[in-house]
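S.K.: Structure incoming, see below.
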Amino acid sequence: MSEKTTAQMLKEKLFKNNKNGYFKASEQDIKEAYTFSEDYKTFLTRSKTERLFASNICELAQKNGYTAFDPQKKYKSGDKVYLLHRNKAVLLCVFGKQPLEKGLRIAAAHIDSPRIDLKPNPIYEADELGYFKTHYYGGIKKYQWPTIPLCLYGVVYKADGSSVTVSIGEKPEDPKFVITDLLPHLAVEQQKRTLAEGIKGEELNILIGSRPFQDDEASEAVKLNLLNLLFEKYGITEGDFQSAELEFVPAFDACDIGLDRSLIGGYGHDDRVCSYPAAMASFAVESPEKTTLTVLTDKEEIGSEGNTGLQSAYMVNFIKDIAKAAGTDAYIVLRNSQCLSADVNAAHDPTFADVTEKNNAAFINKGVVITKYTGSRGKSGTSDANAEYMGFIRKLLNDNNVVWQTGELGKVDAGGGGTVAMYIANLDVDTVDLGVPVLSMHAPFEVISKLDLYMAYRAFVAFFR
Ligand code: MN
Ligand code: MN
């Protein structure tokens, strides 16, 4: 073995260790990353909407000894509660050894993902084909959504006030749905459109059938047949769509990507690739020092507005409830709290390398990514985590052998985006974004690394403990 030169030794001392996570993580960690990923893939496939994710997590919470939150009750160290908020967001709380006024450890991730929603009056027939009109949800590249199999999930409230849950297309034997696109032979004019307009919003029409109702001379026989099928299966009529939330999402399962199976492809990694490990960490940490709060929120993809989003009061109201029961004030709890805003960041994509700046981009397999600020145009629309808190998180991750990296959301002025970080920081909570780097973010089929996913889990465990 050759001796190290002075330059090599100095480099090791002074340069940041920027190695691939596979050269930093232990054999055991790598093995556990692959095992953890198996459960994640199954959960992701089963939880493609915010409602499904919320109910599946509550089911797991119950299995892990969590009870439904009672605002009147005074909880003690080691107690575990969950709150299902309006069926679309979940809070998981584990009461810590330290008093509540010492603050919470909050991990906040979102469980909504970009998708195709139905309009309130969706069903129509055109040239003897049946369709649904849609209104997309979140930031999508519309051209990515035609010609892939879609399934339908949601809930419908009927005229009599009763409700029915809809799920079509996930089981192998189920029919699927699709948005059609023009054949290249006849797309001379369409191909001149910009990519943004390649498929327009009002062209995201979903093909749902073609067979007319039999023995009937009436017009719209295809639509009639489709409504009749829906009535037979769910007891719903055309007007019931007006009191429904129905969402089209990709029909394919999460799966391994690559010869080495190091990656996972699937729908909705943003942000279930953070929500899932945050929840699993909450389940894993039995008796934390400080009370932990895992927030699995809705509506992030459309700006966190609405009463299930984090611009609403629901999280603070929960903190007010537990503070009151503990004989303290929510503002004191918040002031002493720390938060990981658990959201994804863009992974550097060598095919589109010009949108990232390599010294500050997040890379696949370099671990969980800390994003000090997001926003756009000179850090506008973001909370910019302070050096004190960055230092605290950096030490925490290093002390716990978590493989991590920092990442900016793209080059300066390349675009931008936001997370829930600023809404929590605005409550006087130390907050920074931490999550998993994603390739093809917001596409119907996104890609992440197994090692990065597992390091996110390890980061949440370290933070909660
Ligand atoms: Mn996100
Ligand atoms: Mn997003």
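The values are calculated or read from the model by the stated rules, or taken from the named source; none is laboratory data. Because the structure is a prediction, the values reported are computed rather than measured. No Cβ is skipped: glycine too gets one built from the backbone with ideal geometry, and neighbour counts run over all protein chains shown. Quick note on the areas: whole protein, heavy atoms, side chains included, nothing else; ligands and nucleic acids left out. Shrake-Rupley method; radii C 1.70, N 1.55, O 1.52, S 1.80 Å.
S.K.: For the chain, the longest stretch holding no GluC sites (Glu not before Pro) located in a DSSP loop with at most 10 other Cβ atoms within 10 Å is which? Can you show the working numbers first?
M.R.: On the way: sites that count: Glu3, Glu173, Glu189, Glu217.
Value returned for the longest uninterrupted segment is 218-465.
S.K.: Which value, in debye to the nearest 20, gives the size of the charge dipole of the chain about its Cα centre, when Lys and Arg are +1 and Asp and Glu are -1 at the Cβ?
M.R.: The dipole of the chain has a size of about 2080 debye.
S.K.: Now for a separate question. How much accessible area per residue does region 304-356 have, counting only protein heavy atoms and a probe of 1.4 Å, in square angstrom? Write down the numbers at each step before the final one.
M.R.: Working: 2250 Å² over 53 residues.
Heavy-atom SASA per residue in region 304-356 reads 42 Å².
S.K.: Can you run phi through the Karplus equation (6.51, -1.76, 1.60; θ = phi - 60°) for region 140-146 and list ³J(HN,Hα) in whole Hz, with x for Gly and Pro?
M.R.: After applying 6.51 cos²θ - 1.76 cosθ + 1.60, I find 10, 8, 4, 5, 6, 9, x Hz.
S.K.: Next up: Can you tell me, using C-alpha contacts under 8 Å and at least 6 residues apart, the relative contact order of the chain as a whole percent?
M.R.: So the answer I get is 22 percent.
S.K.: Another one. Place a point 7 Å from Cα of Asn386 in the direction of its Cβ. Which residues in region 400-432 have their backbone N less than 16 Å from it?
M.R.: Of the residues in region 400-432, 422, 424-432 have backbone N under 16 Å from the label point off Asn386.
S.K.: Tell me, what ³J(HN,Hα) does each residue in region 113-122 have, in order and in whole Hz, if you take phi through Karplus 6.51 cos²θ - 1.76 cosθ + 1.60 with θ = phi - 60° and put x for Gly and Pro?
M.R.: Taking θ as phi minus 60°, the curve returns 9, x, 6, 10, 8, 7, 6, x, 10, x Hz for region 113-122.
S.K.: Given charges of +1 on the Cβ of Lys and Arg and -1 on the Cβ of Asp and Glu, with all other atoms neutral, how large is the dipole of region 116-250 about its Cα centre, in debye to the nearest 20? Each step should come with its number before you reach the end.
M.R.: Values: 13 positive and 22 negative charges, 129 e Å.
That gives a dipole near 620 debye.
S.K.: Taking H as built 1.01 Å from N, whose amide H comes closer than 5 Å to the amide H of Asn345, not counting residues under 5 places away?
M.R.: So Asn345 has HN proximity to Val436, Val438.
S.K.: If you roll a 1.4 angstrom probe over the protein chains with everything in place, what fraction of the accessible area of region 30-139 belongs to carbon and sulfur, to the nearest %? Write out the running numbers ahead of the final one.
M.R.: On the way: 2300 of 4650 Å².
Result for region 30-139: 49 percent of the exposed heavy-atom area is carbon or sulfur.
S.K.: Continuing with the same structure: Helix 387-399: angle to the longest alpha-carbon principal axis of the chain, degrees 0 to 90, nearest 10?
M.R.: Value to nearest ten degrees: 90.
S.K.: Near the amide H of Ala244, under 5 Å away, which other amide H atoms are found, from residues 5 or more places off or on another chain, if H is placed in the peptide plane?
M.R.: Here the answer is Tyr157, since their amide H atoms fall under 5 Å of that of Ala244.
S.K.: Karplus couplings for region 48-63 from phi (6.51 cos²θ - 1.76 cosθ + 1.60, θ = phi - 60°), rounded to Hz, Gly and Pro as x?
M.R.: 7, 10, 4, 5, 5, 4, 4, 5, 5, 5, 4, 4, 5, 4, 4, 4
S.K.: Mind checking which of Leu186, Ala196, Tyr153 is farthest towards the positive end of region 116-250's charge dipole, using Cβ charges of +1 (Lys, Arg) and -1 (Asp, Glu) about the Cα centre?
M.R.: Ala196
S.K.: Continuing with this model, one more query. From Cα pairs below 8 angstrom and at least 6 apart in sequence, can you work out the relative contact order of region 1-105, rounded to a whole percent?
M.R.: Values: 69 pairs, mean separation 18.1, N = 105.
After rounding, I find 17 percent.
S.K.: Still on this model: If you roll a 1.4 angstrom probe over the protein chains with everything in place, what fraction of the accessible area of region 236-347 belongs to carbon and sulfur, to the nearest %?
M.R.: Working: 1680 of 3560 Å².
Whole-percent figure for carbon plus sulfur exposure: 47.
S.K.: For every other residue with a beta carbon closer than 9 angstrom to the beta carbon of Tyr137, add +1 if it is Lys or Arg and -1 if Asp or Glu, then tell me the sum. Write down the numbers at each step before the final one.
M.R.: On the way: positive: Arg115; negative: Asp112, Asp117, Glu247, Glu301.
So the environment of Tyr137 carries a net charge of -3.
S.K.: Report the net charge of residues surrounding Leu434, where surrounding means a beta-carbon distance below 13 angstrom and charges are Lys +1, Arg +1, Asp -1, Glu -1.
M.R.: Values: positive: Arg105, Lys372, Arg394, Arg458; negative: Asp271, Asp343, Asp430, Asp433, Asp452.
Neighbour charge sum, excluding Leu434 itself: -1.
S.K.: Which of Lys41/Lys171; Lys97/Lys320; Lys19/Lys102; Lys31/Lys102; Lys200/Lys411 have a Cα-Cα distance over 25 Å?
M.R.: Numbers: Lys41/Lys171 16 Å; Lys97/Lys320 19 Å; Lys19/Lys102 37 Å; Lys31/Lys102 36 Å; Lys200/Lys411 28 Å.
Beyond 25 Å between Cα atoms: Lys19/Lys102; Lys31/Lys102; Lys200/Lys411.
S.K.: When only C-alpha pairs under 8 Å and at least 6 residues apart count, what is the relative contact order of region 116-250, in percent? Please list the in-between numbers first.
M.R.: Values: 239 pairs, mean separation 52.5, N = 135.
Reported as a whole number, the value is 39 percent.
S.K.: Take the Cβ-Cβ distance between Ser210 and Asn87 as r, set R0 to 35 Å, and report the resulting FRET efficiency rounded to the nearest 0.05.
M.R.: Details: r = 34 Å, r/R0 = 0.97.
The calculated FRET efficiency here is 0.55.
S.K.: Among Gly235, Pro99, Pro350, whose Cα sits farthest toward the positive end of the charge dipole of the chain (+1 at Cβ of Lys/Arg, -1 at Cβ of Asp/Glu, about the Cα centre)?
M.R.: So the residue furthest toward the plus end is Pro99.
S.K.: Might you tell me the accessible area per residue for region 116-250, computed with a 1.4 Å probe and given in Å²?
M.R.: Details: 7580 Å² over 135 residues.
Dividing the accessible area of region 116-250 by its residue count gives 56 Å².
S.K.: Starting from the amide H of Lys119, placed 1.01 Å from N in the peptide plane, find each other amide H under 5 Å away whose residue is 5 or more places distant or on another chain.
M.R.: HN-HN under 5 Å from Lys119: Lys133, Thr134, His135.
S.K.: Just add up the charged neighbours of Arg335: K/R +1, D/E -1, any other residue whose Cβ is under 11 Å from the Cβ of Arg335.
M.R.: On the way: positive: Lys102; negative: Glu101, Asp329, Asp428, Asp430.
Summing Lys/Arg as +1 and Asp/Glu as -1 gives -3.
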